[in-house]
Structures are given as C-alpha cells and as structure tokens.
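Remarks on the structure that follows.
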Amino acid sequence: MSDQASPTARCAGPLDGIRVLDLTAVVLGPLATQVLADYGADVIKIEGPEGDLMRANGVSLHEGMSSIFLALNRNKRSIMLDLKTPEGAQALRKLIPSADVIVHNMRVAAIERLGFGYESVSKLNPRIVYCVATGFGQEGPDRDKPAFDDIIQAACGLVGVSSIGREAPDYMPSLIADKTTGLAVVNALLAALLYRERHGAGQYVEVPMLETMTAFLLAEHMGGMTFRPSDVPAGYARLLEGGRKPARTSDGWISMLPYTNKHWQSFFCEAGRADLADKYNINSRHERNANIRALYQHMTELTPWRTTAEWMELCAKLDIPATPIYMLDDLPQHPHLKSVGLFQEADHPTEGPIRELRPTARFSLTPVSIRSHAPLLGQHTDEVLAEAGIVVTQATAAPTADAPKC
C-alpha cells in the first residue's frame, strides 16, 4: 500500500476501467461499493449536503470521519450533490452516460421522485447496470416499508433462531443483514457486468434484504420444511439443541470441534474416556449424529481439566479444529492475521495515524490495494464534475471545508 497515492490513482485491479456511481449510505451499500473499489473500479460516492449517516456513527476524532465510515469507504471519490435541486440533479444526469454501474439503497418510490428510477437512467445510458438494494422485494406487499438491519434480523427468523433456549430474544451484535446483503449486491453486480460484457446489454438488478437473509439463514435450517408433507419442524438440530458451544478450560475458553469419527475417537482416548467412544458407537456416523448433544456435553465436562494452551497443543496433534476465543481488541495480535498483514498502519491526511484492514481477496494477475483513504465529504466534487465538463457553481454543490486531500 502506498500512503502517498493520489485519490485518482489507478491500479490494474480486475475491475480497472469500470465506473460506479454510488448513491448508497450507511453500511449495506458502502460495503458493497468498497469491494468494487478495492477491485479497481472508479467508485464515485455521491452524498447530499449532510453526508452519509455513518460519518457520524462510531468513534471519531473529527466530525464526519468516524471509524465506521473509514472502514467502509476507502478507494472512493466523494462528491456532494443536492439531488433535490435542479443543478444537482442535472449534474448527476451528466455523469450517468460515463458510468457502468449505478447502485443505491433508497426506497424505490423515493429515488423515482428524484427522477432517477431505472427507466429514466436507462434512457440516458442503455448499457448501465442499475442495482437497487431494497429492504423487501418490490413484488411483495411490504415493498414500501422502511428496513434496517434489526428489522431484517427479526423478520427473516435470525432473532428467533438465535433466541432458542434464552430468556428473551435479542439481535446479533453485528450488522449481519446489512453486510451479508452487501456481499450479495457485489455478486449480483459482477454477474450483470459479465452478462453485459458478453451480450452488450445493461439491466435492472434488485437485491432485497429480507429474501436474501431468509435464504441465507435457511441454507442449513430448512429441516423438515424441505419435505412435503412432513411433521418434522424446521431447523438444524445440531446447532439448535445445545450442541456446539465454546468450552471452558482451566484458564479460559476454547472453541473445539471434533467432527469426524477419528476426531471423536482420538479425543476421548486422549482425555482418558475411551469408554465414551464405545458407549456412543463413534464409528457410526448416523449414531454419532443422533447422540451429538450428549457428545458435546461430555466434551465440555472434560475440557476444564486442562489449560487452553494444553488443549490447543493436543488438538494440533490430533488435527481437531480448535482456536482460543479472541476478543475484538485481541484481533490485531492474532498470530495468523499478523502473519498475513490483514491489519495495516497508515497515515490519514486528516485523521492522522490509523489502523485499517487491507482487501482480503488476492488476485495473482490483477493485484488489489488501498489506493486512497476514505474521503472527506465532497472532497472530489470539483475534480469529478470537471471530468464531465460541468462548471461547478454554488448551486451545483455545497462547499467543503478546507482540508488536505487523501
């Protein structure tokens, strides 16, 4: 990574030459467009005068540059346009013919009121891939309802399934619906771009959160719903019935996952309880699965007799998947993550020394990199509009505070 790279620097990433007009905000859309930007696309982040909501959420040293915003908006150029004004809307219309992709996560009715629904945009650029991340699919009765991560977690069954055995339901402490749907947006956009490359036609792409997360959750939890008729309930019993849990050791906690016949046999033998392997007929996969809850119960009764380090050494010897439990602040010191350089130190022009995560995908012929840090609000307005031949006026874009460029 070059900390001195200019905001318009290009690299030979796999999406080099692709231009994305990014009208997304918060987490879902910005995560998706950051992946595209990491892959080499020229992502132009279009923000209103108040900027992306996530500029204010998280930990901040300076207003408008929060930890969450920094984590989701690198390798992008930010322009400030008020699309509710004729000048701002006209500026976007002039940018659309040069774009390959336009993506937003507004409600469909709202963007159509602004004049940038699919029909209007495709008239300006028939080859454009137009992607909308909706809360609920537009063919259903909930199509106009607002949706946030918590709402989708609850609606898709995730809160329900994760609350089994607990006193009260709760959300997962991660924006998993936003982030999972964001990755689905990336997949959909890449597929549509490949189709356009082969056939020359752009198209409308919708990625609804509720449908995406329901399918994501039910991959392993369809259970008895799969077969018609069936009196067996939905759900993967191995996960729902008190099976896999972190195990207490004499000095902490460990995640251990004996999985195969050999794993369970060797684990019980090394733990001094070979009798359990015989009792549950470990060598029969079907009988083992039928008794999985009892097996895990026995495992967690045995682990407190040794330290985490001792169990880790034993699991390495037996080839049993295992890891200590890491807390968030411990992750930069994770031996594997350190060795692959996932966390990187950099100097942000306005935020000073920062720690950030490099792109995780590796490409042998088209390497990806962090070319520029998350931009200030409207930092590249003059630059991008000038490229489109637009003379910047006070009405076109609001001024930004003087600050060094990323």
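The values are calculated or read from the model by the stated rules, or taken from the named source; none is laboratory data. Quantities reported herein were computed from a predicted structural model and do not represent experimental measurements. Cβ: placed from backbone, ideal geometry, glycine included. Neighbour counts: every protein chain shown.
Quick notes on this one:
- The set of residues from the range 34-75 being of a type in the set (D, E, K, R) and touching a Pro at 6+ places or on another chain (Cβ under 8 Å) comprises ASP38, LYS45, ASP52.
- Looking at ALA322, ALA346, just one residue is buried (at least 16 other Cβ atoms within 10 Å of the Cβ) and touching a Cys at 6+ places or on another chain (Cβ under 7 Å), and that residue is ALA322.
- Matching residues, the range 222-259, being closer than 18 Å to ARG293 by Cα, of a type in the set (D, E, K, R) and without any contact (Cβ under 8 Å) to a residue 40 or more places away in the chain: none
- Residue, farthest from ALA154 (Cα to Cα), within the range 182-211, restricted to residues that are of a type in the set (Val, Ile, Thr) and touching a strand residue (DSSP E or B) at 6+ places or on another chain (Cβ under 6 Å): VAL205
- Those helices (runs of 4 or more DSSP H) of the range 265-383 in which 2 or more residues are touching a Ser or Thr at 6+ places or on another chain (Cβ under 6 Å), outside the structural domain of GLY51 (by TED's automatic domain parsing) and in contact (Cβ under 8 Å) with a residue 24 or more places away in the chain occupy 308-318.
- Of the residues in the range 207-218, at least one is among the polar types (S, T, N, Q) and either in a helix (DSSP H, G or I) or over 29 Å from MET54 (Cα atoms) (or both).
- Helices (runs of 4 or more DSSP H) fully within the range 16-127 counting 2 or more residues that are within 26 Å of the chain's Cα centre (by Cα) and on the phi < 0 side of the Ramachandran plot: 28-38, 67-72, 108-113
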